[in-house]
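Undergrad: I'd like to ask you about the structure that follows.
The values are calculated or read from the model by the stated rules, or taken from the named source; none is laboratory data. The model shown is predicted, which means the values in this text are computed figures rather than measured ones. Here Cβ is always computed from backbone atoms with ideal geometry, including for glycine, and neighbour counts include all displayed protein chains. Side chains are part of the model used for accessible areas, which takes the heavy atoms of the whole protein and leaves out ligands, DNA and RNA. Shrake-Rupley method; radii C 1.70, N 1.55, O 1.52, S 1.80 Å.
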Amino acid sequence: MHELSIAMNIVEIVEENAATHEVNSVSDVEIDVGRMSGVVIDALRFALEEAVKSSVMESATICINEIPAKSKCLACSHEFEPNDIIAVCPECGHLYADIINGKELKIKKIKFLE
Amino acid sequence: MCGTCGCGQEDKISITRPGKENQHDHIHSHEHEHDGSKHSHSHTHSHSHDEGHEHHHHDEHDHGDHHHHHEHEKEIVLEQDVLQKNNLLAERNRGYFEGRNIMAINLVSSPGSGKTSLLEKTITKLKEEIPFYIIEGDQQTLNDANRIMATGAPVVQINTGSGCHLDASMVNRALKELDVSEDAVLMIENVGNLVCPAMFDLGEAHRLVIISVTEGDDKPIKYPDMFRSSDICIINKTDLLPYVDFDIEKAKDYALRVNHQLKFFELSAKSGEGMDAWFTWLKESIKKQPIED
Ligand SMILES: Nc1nc2c(ncn2[C@@H]2O[C@H](COP(=O)(O)OP(=O)(O)OP(=O)(O)O)[C@@H](O)[C@H]2O)c(=O)[nH]1
Ligand SMILES: [Mg+2]
Ligand SMILES: [Zn+2]
Ligand SMILES: [Zn+2]
């Protein structure tokens with residue numbers, strides 16, 4: 001369950017930022033999670049429910065944006081959204097591609113009342 | 001242990017040098033309080049990004065009389081990587097390794113694929129030529145560290161308790177115990193788990209994923225993150241191929257389609273078959289360690 005470590009990292013970062021702005025409660029947290037990030041969103045949401053307890057995020061609305069993946073074909077450079085882990089290039093049928101998008105795992109923004 | 005998050009007091013991470021069991025270190029990096037009587041008021045939801053970017057979490061967008069209510073609402077754009085702390089610490093480890101010309105390899109696999117066996121055989125064969133240092137990661141026990149100690153290589157055991165992966169800070173602490181010499185090879189055996197260690201950079205130069213032929217040949221597409229984040233793949237226990245339904249070419253094809261840059265070794269840590277190619281690669285790689293100017 002590495003989502004628990006991830007959730008605790010999120011709370012820690014938000015706590016640090018709340019401390020910087022001298023607030024003890026945050027109302028909104030927006031997080032980007034790429035489909036290729038290695039994080040299962042449902043598991044993260046579940047882990048966050050525990051991790052936010054007694055923190056500045058305890059009553060925050062948490063918005064998780066799922067970022068689609070994008071691959072770039074190694075042969076023809078065509079960019080496409082892979083529908084599978086081992087997607088074939090829809091343009092030329094080549095088997096190998098590099099992932100150029102979808103590995104995001106970041107806190108986009110937070111909101112609080114001052 | 002705290003039943004809700006697995007980070008309770010009894011579950012501290014410990015770092016032990018076998019044979020010097022009084023010298024150890026406890027880390028508990030994320031202390032937080034638990035109040036059983038409290039209820040969480042968090043609301044999570046997710047939606048796909050292509051469904052649009054507007055999020056209205058509040059009903060305060062009518063421009064009525066109660067404007068003062070959110071006059072003080074402040075939005076801070078962070079764009080901060082959630083794993084930034086680990087990544088920064090991993091870069092510090094990497095700098096330490098590069099400065100001392102240490103080649104660090106992070107070994108990852110399912111439990112029992114043969115990480116410790118590979119290390120035992122490799123150290124025994126090459127210890128006259130290469131100084132090896134080992135960090136062992138397991139949830140519990142000093143068993144693997146004791147097996148390594150028997151080969152004569154310096155070893156530190158990290159016990160992660162309920163933790164399912166090593167992270168850069170644990171390795172950083174273990175390094176202080178281990179005192180790795182210059183021009184050495186540092187092998188870091190991660191916790192047996194094909195999921196969680198994928199996300200945590202330790203500062204290694206190479207990530208080596210092991211699968212054994214007693215596992216399914218579709219492992220690479222079942223656990224793509226690990227194969228995607230590795231650069232070397234060892235297929236172990238080839239001595240058992242006559243007895244199992246494992247198609248090596250299919251496993252390699254799957255692995256390459258997840259990560260076309262993977263380099264493969266097929267070997268048996270038990271019989272020694274195929275080990276020479278691995279030994280050769282190891283010896284060549286330390287010579288080739290990048291010396292940046
Ligand atoms: N037949 C055969 N057995 C092997 C081989 N390599 C390892 N084993 C056996 O597989 C079992 C697990 O090996 P380990 O080296 O302990 O595996 P590990 O990956 O370190 O396991 P954990 O640390 O528990 O994740 C042991 O019983 C080994 O003897 C091999 O090449 N062939
Ligand atoms: Mg082991
Ligand atoms: Zn885990
Ligand atoms: Zn193509």
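Undergrad: Ignoring ligands, DNA and RNA, what accessible area per residue does region A:3-113 give at 1.4 Å, in Å²?
TA: 41
Undergrad: Please report the projected area of region A:14-95's Cα convex hull averaged over all directions, in nm².
TA: Computed as one quarter of the Cα hull surface, the answer is 7.0 nm².
Undergrad: With θ taken as phi - 60° and the coefficients 6.51, -1.76 and 1.60, list the Karplus ³J(HN,Hα) couplings across region B:230-245 in order, rounded to whole Hz; mark glycine and proline as x.
TA: The phi angles translate into 9, 10, 10, 10, 9, 9, 9, 6, 5, 4, 8, 3, x, 9, 10, 8 Hz.
Undergrad: For a quick protection proxy, order the peptides A:61-69, B:157-165 by their average other-Cβ count within 10 Å, most packed first.
TA: Per-residue Cβ counts within 10 Å, averaged per peptide and sorted highest first, yield B:157-165, A:61-69.
Undergrad: If DNA, RNA and ligands are ignored and the probe is 1.4 Å, what is the ranking of B:136, B:98 by accessible area, most exposed first?
TA: The residues order as B:98, B:136, largest area first.
Undergrad: Need one value: the accessible area of residue B:240 in square angstrom, 1.4 angstrom probe, rounded to the nearest 10.
TA: Around 50 Å² of this residue is reachable by solvent.
Undergrad: Within 10 Å of each Cβ in B:227-239, how many Cβ atoms from other chains are there, averaged over the peptide? Provide the component values of the computation, followed by the final result.
TA: Values: counts 1, 5, 2, 0, 0, 0, 0, 0, 0, 0, 0, 0, 0.
Mean partner-chain Cβ count within 10 Å for B:227-239: 1.
Undergrad: Once you average over the residues of A:41-53, how many Cβ atoms of partner chains fall within 10 Å of each Cβ?
TA: Whole-number average of other-chain Cβ neighbours for A:41-53 is 4.
Undergrad: So if I place +1 on the C-beta of Lys and Arg and -1 on the C-beta of Asp and Glu, and nothing else carries charge, what would the dipole magnitude of chain A be about its Cα centre? I want it in debye, nearest 20.
TA: 260
Undergrad: Considering amide H positions built from the backbone, and no H for Pro or chain starts, which residues 5 or more places from residue B:161, or on another chain, come under 5 Å of its amide H?
TA: Under 5 Å from the amide H of residue B:161 lie the amide H atoms of B:14, each far enough along the sequence or on another chain.
Undergrad: Can you list the residues of region A:41-59 with backbone N under 19 Å from a point 7 Å past the Cα of residue B:73, pointing along Cα to Cβ?
TA: A:57-59
Undergrad: Considering Cα pairs under 8 angstrom that are at least six residues apart, work out the relative contact order of region B:159-293 and quote it in whole percent.
TA: Reported as a whole number, the value is 20 percent.
Undergrad: Tell me, what ³J(HN,Hα) does each residue in region A:100-110 have, in order and in whole Hz, if you take phi through Karplus 6.51 cos²θ - 1.76 cosθ + 1.60 with θ = phi - 60° and put x for Gly and Pro?
TA: 10, 8, x, 9, 4, 8, 8, 8, 6, 7, 10
Undergrad: Follow-up question, since we're still on this one. Relative contact order for region A:3-113 using alpha-carbon pairs under 8 Å, separation at least 6, rounded to a whole percent?
TA: This gives 37 percent for region A:3-113.
Undergrad: Considering amide H positions built from the backbone, and no H for Pro or chain starts, which residues 5 or more places from residue A:105, or on another chain, come under 5 Å of its amide H?
TA: Excluding prolines and chain starts, which carry no amide H, the hits are A:34, B:82.
Undergrad: Here's another thing I want to ask about it. Summarise the partner chain shielding of A:56-68 as one whole number: the mean count of Cβ atoms from other chains within 10 Å of each residue's Cβ.
TA: Partner-chain Cβ atoms within 10 Å, mean over residues of A:56-68: 5.
Undergrad: Give the separation of the Cα centroids, region B:190-249 to region A:33-98, in Å.
TA: Here the two parts' Cα centres lie 22 Å apart.
Undergrad: Let me ask something else. Give a residue-ordered list of calculated ³J(HN,Hα) values for region B:255-266 (Karplus: 6.51 cos²θ - 1.76 cosθ + 1.60, θ = phi - 60°; whole Hz; x for Gly, Pro).
TA: Taking θ as phi minus 60°, the curve returns 4, 5, 6, 7, 8, 6, 9, 5, 10, 10, 10, 10 Hz for region B:255-266.
Undergrad: Next up: With the Cα gyration tensor of region B:194-293 giving a ≥ b ≥ c as the square roots of its eigenvalues, does the rule (a/c under 1.5 for rounded; else a/b larger than b/c for prolate; else oblate) give rounded, prolate or oblate? Walk me through the numbers on the way to the answer.
TA: Working: a/c = 2.19, a/b = 1.27, b/c = 1.73.
Since a/c reaches 1.5 but b/c is at least a/b, the shape of region B:194-293 is classed as oblate.
Undergrad: Further question on the same structure: Taking 18 Å as the cut-off for C-alpha to C-alpha distance, list the pairs among B:85/B:115; A:72/B:250; A:72/A:109; A:108/B:85 that go past it.
TA: Beyond 18 Å: B:85/B:115; A:72/B:250; A:72/A:109.
Undergrad: Evaluate E = 1/(1 + (r/R0)^6) for residue B:151 and residue B:14, where r is the Cβ-Cβ distance and R0 equals 25 Å; express this FRET efficiency to the nearest 0.05.
TA: E between residue B:151 and residue B:14, to the nearest 0.05, is 0.65.
Undergrad: How much of the accessible area of region A:3-113, probe 1.4 Å, is carbon plus sulfur, in whole percent?
TA: For region A:3-113, the apolar C and S fraction of the accessible surface comes to 45 percent.
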